[in-house]
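Quick notes on the structure that follows.
The values are calculated or read from the model by the stated rules, or taken from the named source; none is laboratory data. Since this is a predicted model, take the numbers as computed values, not measurements. Please note: Cβ atoms are built from the backbone with ideal geometry, for glycine as well, and neighbour counts cover all protein chains shown. These accessible areas exclude ligands, DNA and RNA; they are computed on the full protein's heavy atoms, side chains included. Shrake-Rupley method; radii C 1.70, N 1.55, O 1.52, S 1.80 Å.
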Amino acid sequence: MLGAMADIDLVVTDLDGTLWWGWNETHPSTVDAWRTLEANGVHVLVATGRRVRSTREPLGALGLTPAAVVMNGALVLDLATDERFHRHEFGVDAATAVLAAFRAAALEPCVYVEHTVMDVCVGARPSTHELHLRELGAGVRSLDLDAAVAESPVLMFGIMGHAEAPLTEIQQALAGIAEVHVAPSDQYGGHSVNVTPIGLSKWVGVEVYCEARGIDASRVLAIGDGPNDVELLEGAAIAVVPEDGHASALVLADHVVASTRDGGWATILDLV
């Protein structure tokens with residue numbers, strides 16, 4: 001049974017560390033709670049730093065095909081129909097500057113693009129974790145990255161499972177040029193970095209989705225655990241954070257719930 005607060009029309013959820021942990025491990029109560037929300041007319045939207053494929057496939061394994069804000073707001077789409085609501089790409093000059101910042105730190109990023117035959121471009125010596133590289137699967141192509149950023153719409157740059165210091169160096173170098181999120185990597189160890197166009201956030205994607213679907217953006221509950229959820233939590237009417245979330249998220253919480261490992265996500269049913 002849902003709680004007493006009937007003024008929420010949309011629940012927006014982060015994935016890693018929020019809906020699931022580790023290698024997409026989900027508490028038994030979480031999917032049941034999701035289905036209860038939908039049965040009671042409350043939409044659920046995903047907002048994640050992941051790309052389309054790595055969002056769609058694990059959710060599909062749970063029997064879930066929601067709409068999603070992916071790559072921290074660069075793309076908004078319906079995972080079931082592939083209908084696109086929004087795309088925000090880098091300009092060529094900005095993408096070139098981002099690539100130069102990675103190279104200045106002696107790193108070679110994954111370059112996430114909108115293309116008919118590939119999702120990700122990598123160079124000859126990608127700096128991302130080898131497991132991450134394997135997981136990119138058929139959607140990855142080895143290309144000249146200078147040509148890739150000049151010729152294809154670039155949505156995001158990223159590296160998974162790396163030492164923190166050079167990623168923080170990139171974050172500092174790109175201040176005012178791009179949005180840069182550095183965070184611990186649960187799956188790969190070390191830290192990860194995602195770089196998206198300036199002015200972009202998960203909340204921007206949520207607002208686009210709400211407008212497209214006729215949902216009041218002032219009636220949103222958001223749950224997230226990381227630094228890339230800050231704008232999302234600030235924008236939502238109700239901000240929910242797992243107890244083991246990052247300090248930058250916890251300080252914004254209207255409600256702190258149990259870890260995702262302990263079924264904290266299902267507590268949403270008491271808040272809407």
Exercise. Being open to solvent by less than 20 Å² (accessible area, probe 1.4 Å) and either polar (S, T, N, Q) or part of a helix (DSSP H, G or I) (or both) is the filter here, so list the residues in the stretch 59-76 that pass it.
Key: L59, M71, N72, G73
Quiz item: Does the stretch 14-31 hold any residues that are open to solvent by 30 Å² or more (accessible area, probe 1.4 Å) and in a helix (DSSP H, G or I), and which are they?
Solution: P28, S29
Quiz item: Are any residues in the stretch 195-225 outside any helix (DSSP H, G or I), surrounded by fewer than 24 Cβ atoms within 10 Å (Cβ to Cβ) and touching a residue at least 12 places away in the same chain (Cβ under 8 Å), and if so, which ones?
Solution: P197, I198, G199, L200, S201, I215, D216, A217, S218, R219
Quiz item: Somewhere in the stretch 111-122, is a residue in a helix (DSSP H, G or I), surrounded by 17 or more Cβ atoms within 10 Å (Cβ to Cβ) and either more than 18 Å from the chain's Cα centre (by Cα) or on the phi > 0 side of the Ramachandran plot (or both)?
Solution: no
Quiz item: Within the stretch 32-48, can one find any residue that is open to solvent by 50 Å² or more (accessible area, probe 1.4 Å), under 30 Å from V149 (Cβ atoms) and not in a strand (DSSP E or B)?
Solution: no
Self-check item: Flag if D244 is within 26 Å of V98 (Cβ to Cβ), in a loop (DSSP other than H, G, I, E, B) and either modelled with pLDDT of 95 or more or acidic (D, E) (or both)
Solution: no
Quiz item: Which is touching a residue at least 24 places away in the same chain (Cβ under 8 Å) and open to solvent by 10 Å² or more (accessible area, probe 1.4 Å), of G158, G137?
Solution: G137
